[in-house]
Structure formats: structure tokens, C-alpha cells
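The structure appears below as C-alpha cells.
The values are calculated or read from the model by the stated rules, or taken from the named source; none is laboratory data. On a predicted model such as this, the values are computed, not experimentally measured, just so you know. Don't worry about glycine lacking a Cβ; one is built from the backbone with ideal geometry, like all the others, and counts go over all protein chains shown.
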């Protein structure tokens, strides 16, 4: 299997990779299909677009701005293209429009308030994040339809594609790269046989598709976006949107640490950095999927600490991202990074494992120690539910990223002080996460139907 590090780390906007970025990409894809459809045949004068959200997208889509994302995608916007725009102002304009202009001669009726439907019935059987797009004529007859699934990290798949592979994702076959590891055990064996590090093997695989300059530029762009998002969050104040009236805390915490650094510890810094990112995500601003938006603060926080406090160089940041990408690819391929599919163990748990492996690598860890670090971090997130209060990625999500970063750093430290030999393998942990997710009640998988989401009492 091959998942590019530049696909896993995508620059976009908050608040959710699966509920915001994925639906936007799906809507844009359906718009492109409509354009191809109308250009190849005679079409009726009146056509209407409808989008029906199913499963977790229906239950928590309002809080995750899924309807806004669909509207933006239908108007040809992309997550990366919106990273530096004022999305709130743009949405206000789009929400007042009832038409989509495909070209000079073809327009479609599309009223987001009426044509985006939150269907809270049974989810589609293939995946909890389903979307059905339809192009209708004036009689309600379907002219064109496609069913999409948002499968975590901003990735989408269609109904025809989803049953073809173990963990649906845009992947290439193993034979298409020089180091085709499908598991952590294979990864370690290939490293031992070749004498290459995980970062070197991952780089080699990437260079079979793009040039070294393109790869380095892409990695640098990812890190720049992560750093910008984090530093923006460290100075931003006020309250987060959505109705919970949650106050931003990262700025005040960071100021305290700067004013009295001798009393600040590792955990304090990591929490400030991670929370800064996730407050920006909750505000709908630019963020990088790492591997998802809900877990976007863990990896940037750990890298930022390594750079700011431990002097990590740019080349080490690149290696960190490559190793993190390799581990994230294994988790995505063999389990899931979607909170709607396996709970928050698949989001913050995966991010923590990726960060632990990346940090261990740049601290000089062996391949076995890196695998051990990722295993430790993932192991101690198993069973974690996704039960966002108010369907928003704020409580417990923001603080949870801080703890994910702390666990990542701890896991890397433990692993690098060991010899790489350990009882439980990363592969076993990934398999356990998948099975736990399958057995987890739907109440705890990003539906806001259980746990913390229903524990808030009104006074």
C-alpha cells in the first residue's frame, strides 16, 4: 500500500476533516460530474441539486459546519483554496443565493437551507459518514446521482469504490513502490534488510512519484501551515463559535508560561501549543489534517516543542513528517482514522502514535524503538470515545489534543530508553483499535448521542 505523506497531511480549514473537508471535496466532485453530464447531452431547462446527509454527518453536521461545506463545494471551492479566506463572510453571501452557475448558459437551482437534508434515520450500511447527491429535473426525476463517504482525514470514496479495499482510501498497490510495507512488522523487516531508516524508505517511495524538490517543498509547506496555525492560536483571544460560549485559553496559558518560564514544564508547553491549533480549528480557520482536524494539534505541538525548545532543524522536521506519515498510513490502511468509524482512538490515538514515532526518529531512535514508541502511544488511547458536546470539536476535543501530545512525548521517551523489544506490537494495537471500534456503540462514535455529549445538565 502507498499513501503519500502529502495526502495524509492536507492544508484546509476547520472544524472537521471528515465532516467539513470531506463533504466539501465530495460536493466539488459532484459539481464536476454535473458539468461533464450537461456538456455531453441535451438537458432540461430546470435542474436542481440536492444533498442528503446520513449517519454521523446528519447527527453532528450542524455543529461541524457540514452544510456550509457542501454549499462551498457546490460553488467550486476547495478546503485548501479557502485556507486564507474569510469563510464566514463567504458563506453569508452563498446562503442568500438560490442558483449555481455552471457556465454561461447553464445554471442549477440550489438553495442550501432547503436542498441540504439532515436525514437522522439509519446510516448507510457501508460507512457512518454518507452523503447522497442528486441532480433532479422539475418533476423530481433523478438525472444524475452519486453516493459518497467521508472516511476521515478529508478523504472521500464513492459507493462503487468503498467495498474494493480493506480501509477505503486513495491508495496505490504495493508493487508500485520500492518499500511496499503493509504492516509495522514488514516495515521493520524491510528496514533491517535494506539498512535504511523508516524516513529514508518513506522518502524513497515518495520519490518514485514526485521529485525531491517537490517532496521537500510539500513537506515544508505542511510544516509552515502547521506552524502558522499554531502561532495564530497562541495570540488569538475571545470565544469560539457554535453556541457553547467556550473561551479560548491557549493565549492566556502561553502568556503565563512566557512570563514565568522557570515554573513551566514540558506538559504546560505541549498543552499550550496543541490547544492553540485546535482552537483555530474550532474557529473554522486554516488547519492541517494530522491525520484529521479533530486531532490536528498533537503533531504540530510535538514538532514545535522539538524546534523551539530542543533545537530541531528543518531536515529533522521533514524526517518527523515522513515517519509520522508512514505510521499514519499503516493505521489508515489496517484500521481507521475516522472518529465516526472507531471513536477518538482513531483520531487523537492515531495522531499521538504518529507523533511519538516521529519524535523518536529525530531523537536517534532505531526502527524498533520507533515502532515501540508508536505502539505505546496508541495502546494508551484504545477505547477512547468520540462524544463531542454540542456536536462541536471543542469539549473534550481541544484539551484532548494536549494530552495526546503529552502521551506522544512520553511514549517516545520510554521507547528510546529501551532496546526496542516489547510484548505488544504496533500491528496488534492497530488490529485491537479496529475491533474495538467495530464493537463500540454508535452513541460514542461522533453522533453526540452518548457520553459527555449528553452529560451536560441545564441549570
Residues in region 73-103 that are buried (at least 16 other Cβ atoms within 10 Å of the Cβ) and under 24 Å from residue 43 (Cα atoms) total 5
Failed condition for residue 287, given (1) in contact (Cβ under 8 Å) with a residue 40 or more places away in the chain; (2) in a helix (DSSP H, G or I), with all others met? (2)
Among what's in region 174-197 and is part of a helix (DSSP H, G or I) and modelled with pLDDT under 95, pick the residue that is nearest to residue 333 (Cα to Cα). 174
For region 414-454, which positions are under 30 Å from residue 244 (Cα atoms) and either part of a helix (DSSP H, G or I) or without any contact (Cβ under 8 Å) to a residue 40 or more places away in the chain (or both)? 437, 441, 442, 443, 444, 451, 452, 453, 454
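Report whether or not residue 377 is without any contact (Cβ under 8 Å) to a residue 40 or more places away in the chain and crowded, with 23+ Cβ neighbours inside 10 Å.
Numbers: without any contact (Cβ under 8 Å) to a residue 40 or more places away in the chain: yes; crowded, with 23+ Cβ neighbours inside 10 Å: yes.
Judged against the criteria, residue 377 is a match.
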Considering only helices (runs of 4 or more DSSP H) fully contained in region 300-413, which possess at least 2 residues that are over 19 Å from the mean Cα position of the chain (by Cα) and farther than 15 Å from residue 274 by Cβ? 314-334, 348-362, 367-379
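Results for (1) closer than 22 Å to residue 61 by Cα; (2) in the same structural domain as residue 288 (by TED's automatic domain parsing); (3) part of a loop (DSSP other than H, G, I, E, B); (4) at pLDDT 95 or above, shown as yes or no for each residue.
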{"residue": "89", "(1), (2), (3), (4)": "yes, no, no, no"}
{"residue": "97", "(1), (2), (3), (4)": "yes, no, yes, no"}
{"residue": "105", "(1), (2), (3), (4)": "no, no, yes, no"}
{"residue": "114", "(1), (2), (3), (4)": "yes, no, no, yes"}
Condition (residue is out of contact with any strand residue (DSSP E or B) (no Cβ under 9 Å at 6 or more places or on another chain) and surrounded by 12 or more Cβ atoms within 10 Å (Cβ to Cβ)) applied to region 120-142: is it met by at least one residue? no
Candidates 196, 207 - the one that is surrounded by 16 or more Cβ atoms within 10 Å (Cβ to Cβ) and without any contact (Cβ under 8 Å) to a residue 24 or more places away in the chain: 196
Which one is farthest from residue 51 (Cα to Cα) among residues in region 61-87 that are under 16 Å from the mean Cα position of the chain (by Cα) and assigned to a loop (DSSP other than H, G, I, E, B)? 83
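So is residue 110 touching a helix residue (DSSP H, G or I) at 6+ places or on another chain (Cβ under 9 Å) and closer than 30 Å to residue 442 by Cα or not?
On the way: touching a helix residue (DSSP H, G or I) at 6+ places or on another chain (Cβ under 9 Å): yes; closer than 30 Å to residue 442 by Cα: no.
No; evaluated as a whole, the condition is false for this residue.
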Mind telling me which of the residues 200, 252, 272 ends up being in contact with a helix residue (DSSP H, G or I) (Cβ under 7 Å, 6 or more places away or on another chain), in the same structural domain as residue 341 (by TED's automatic domain parsing) and at pLDDT 95 or above? 272
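For region 358-366, indicate whether the set of residues that are over 22 Å from residue 269 (Cβ atoms) and modelled with pLDDT of 95 or more is non-empty. Quick ask: steps written out before the conclusion?
In the first step, residues of region 358-366 are kept if they are over 22 Å from residue 269 (Cβ atoms); the result is 366.
The next check asks that each one be modelled with pLDDT of 95 or more; those that pass are 366.
Yes, the conditions are met somewhere in region 358-366.
Here is a check on your reading of the model: is residue 340 buried (at least 24 other Cβ atoms within 10 Å of the Cβ) and closer than 17 Å to residue 10 by Cβ?
Details: buried (at least 24 other Cβ atoms within 10 Å of the Cβ): yes; closer than 17 Å to residue 10 by Cβ: no.
It is false that residue 340 is buried (at least 24 other Cβ atoms within 10 Å of the Cβ) and closer than 17 Å to residue 10 by Cβ.
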